Structures are given as C-alpha cells and as structure tokens.
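Structure first, commentary second.
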Amino acid sequence: MQNKKDYFVDKTAVVDEGCEIGRGSKIWHFCHLISGCKIGDGCSLGQNVMVGKNVVLGKNVRVQNNVSVYEGVICEDDVFVGPSAVFTNVINPRSAISRKEEYKKTVVRKGATIGANATIVCGVELGKYSFVAAGAVVTANVEPYSLVMGTPARHAGWMSENGYKLRFNSEGKASCPESGDIYFINNGIVIKQDE
C-alpha cells in the first residue's frame, strides 16, 4: 500500500491489506475496500461503497453513495456510477450453491455513466461514453455513446462525451451543445470527429 499522504481515507472506512489506491483518491465514510482491488488516481468513493476483490477502477472514477462493486467488474477511466446503482456477478445465484468460480466479467468503458438505482446484470459491456438512465436494468451490451433506459434497458438515443443528447441531421451529423464537438452516425455506430 502507498503512503497515506498520496490519498485520503476516512477514519470510518476499512481498507484491507493488499489494496492499491491511486494518488489523490478519496475514500469516504463507511467504505470497505477488499484485498486485491485496484483504485486509480483521482477516484472518489462516496459513503458506504464496497469495492470487491480484484475489481479495477481506472483514473477519475466517481462511485456515489451506497454502491457495491463486486468481483468481476472493471471500470475504465472517467466512469461515473450513480448512487445506489447495483452490479451483479452471478447469473443464477442460489444461497445453498457456491458459484464463486462462475463470476461473470462486466466492463464499463471510458467515460460511461450509470444513473442512480440502475442495475447492471453481470457479463455485459457498457461502451465508451454510454449513458445508462436512472433506474434502468441493463441485461445486454450497450453501444458506445448510446443512451439506454427502462426495464430491461433499451436504446433511447445517443449522448455526447459531455452528457448531452445528440440530435443527428439527415446527413448523420450532430454537435454537442456544450463542447461543440462533432459526431457522425453511420449504420448505428457513432464516432466523434477526429477519433
């Protein structure tokens, strides 16, 4: 473990031996980091967050209050996980049957957002800069820049890297109202200009 001067851990948090915590990260009240997890630089874990064994959080990941990030989850850089969002890691859990060898991998790509109270069923990939609406239940992969909502989650539009809904013209071109970045859509695939 690094020198505690490099990051902040609240006195009520529990950090097991063998955790890696990046420079400038903040671990707030009542968090529990389980041995083997890796927290990147500049992350923030809100109150009552649990990060499981072998979980990897990239740089600048924000996990809001009351989230359990179970073994099998990988979040790349700049991911936002809203309050009380839920990750799972077993498809068919039973109390009387151990399925620890059956954990499914869930990958949350760079810049993705998961809204409050959303549920991410294990074994899926959330594409870069995708946006999962609050309360959605994700049971399948989500395309990059896709906005999904509902139960089960369905595609409902496209989002910019700044988190604004993109409105494509007849030529398949849209711009982010905040950044001015240009996006193109072709056959259901969105790319940002100069990617």
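For K105, the aspartates and glutamates whose Cα falls under 13 Å of its own Cα, not counting residues fewer than eight places away in the same chain, are E71, E125.
Close amide-amide hydrogen proximity is noted between T119 and V86, A136, V137, V138, each under 5 Å apart and 5 or more residues distant or on a separate chain (H modeled in the peptide plane; Pro and chain starts excluded).
Placing unit charges on the Cβ atoms only, positive for Lys and Arg and negative for Asp and Glu, gives the chain a dipole magnitude near 380 debye about its Cα centre. If only the Cβ of Lys and Arg carry +1 and only the Cβ of Asp and Glu carry -1, the dipole of region 15-126 around its Cα centre is close to 140 debye. Measuring nothing but how far apart in sequence close Cα pairs (under 8 Å, 6+ apart) lie, relative to its length, region 44-195 scores a relative contact order of 13 percent. Here is the list for region 45-116: trypsin sites (Lys or Arg not before Pro) lying in DSSP coil, each with at most 13 other C-beta atoms within 10 angstrom of its C-beta, are R99, K105. Residue by residue, region 87-97 carries 3J(HN,Hα) couplings of 10, 10, 9, 10, 6, 10, x, 9, 4, 8, 10 Hz when phi is fed to the Karplus relation 6.51 cos²θ - 1.76 cosθ + 1.60 (θ = phi - 60°); x denotes Gly or Pro.
Only aspartates and glutamates eight or more places from K173 in sequence, or on another chain, were considered; those with a Cα closer than 12 Å are D181.
Would you mind telling me which residue in V55, V137, V14 has the biggest mean-square fluctuation in a Gaussian network model of the chain, where springs connect alpha carbons within a distance under 10 angstrom? The residue that fluctuates most here is V14. Using only the C-alpha atoms, the convex hull of region 57-169 corresponds to 89 Å³ per residue. Between region 10-82 and region 89-114, what is the C-alpha centre distance in whole Å? After rounding, the separation between the Cα centres reads 17 Å. Annotation: amide H of G42 within the under-5 Å range of R23, G24, S25, N60, sequence separation 5 or more or interchain, hydrogens built in the peptide plane. Measuring r between the beta carbons of K105 and E17 and using R0 = 30 Å, the FRET efficiency lands at 0.75. Take every Cα pair under 8 Å whose residues are at least 6 apart in sequence, average their separation, divide by the length of region 48-101, and the relative contact order is 32 percent.
Amide H to amide H distances under 5 Å link W158 with L147, L166, where only residues 5 or more positions off or on other chains count and H is placed in the peptide plane.
In this structure, K38 and E171 have a Cβ-Cβ separation that, at R0 = 41 Å, corresponds to a calculated FRET efficiency of about 0.40. Cross-link reach is defined here as a Cα-Cα straight distance under 19 Å, omitting same-chain residues fewer than 8 places apart; for K11 the lysines meeting it are K26. Sequence-ordered 3J(HN,Hα) estimates for region 162-179 from the Karplus curve with 6.51, -1.76 and 1.60 and θ = phi - 60° stand at 8, x, 10, 5, 8, 10, 7, 7, 5, 8, x, 10, 9, 10, 6, x, 8, 8 Hz, glycine and proline given as x. Couplings for region 20-28, taken from phi via the Karplus curve 6.51 cos²θ - 1.76 cosθ + 1.60 with θ = phi - 60°, read 10, 10, x, 4, x, 6, 10, 10, 8 Hz in order; Gly and Pro are left as x.
Of all beta bridges that DSSP places with both ends in region 67-179, some 25 percent have antiparallel geometry. Pairs of Cα atoms nearer than 8 Å and 6+ residues apart set the relative contact order; for region 16-113 it is 20 percent.
Read-outs throughout are calculated quantities, based only on the coordinates presented, and are distinct from any laboratory measurement. What you see is a predicted model; the values in this text were computed from it and never measured. Heads up, the Cβs are rebuilt from the backbone with ideal geometry, glycines too, and the neighbour counts pull from every protein chain shown.
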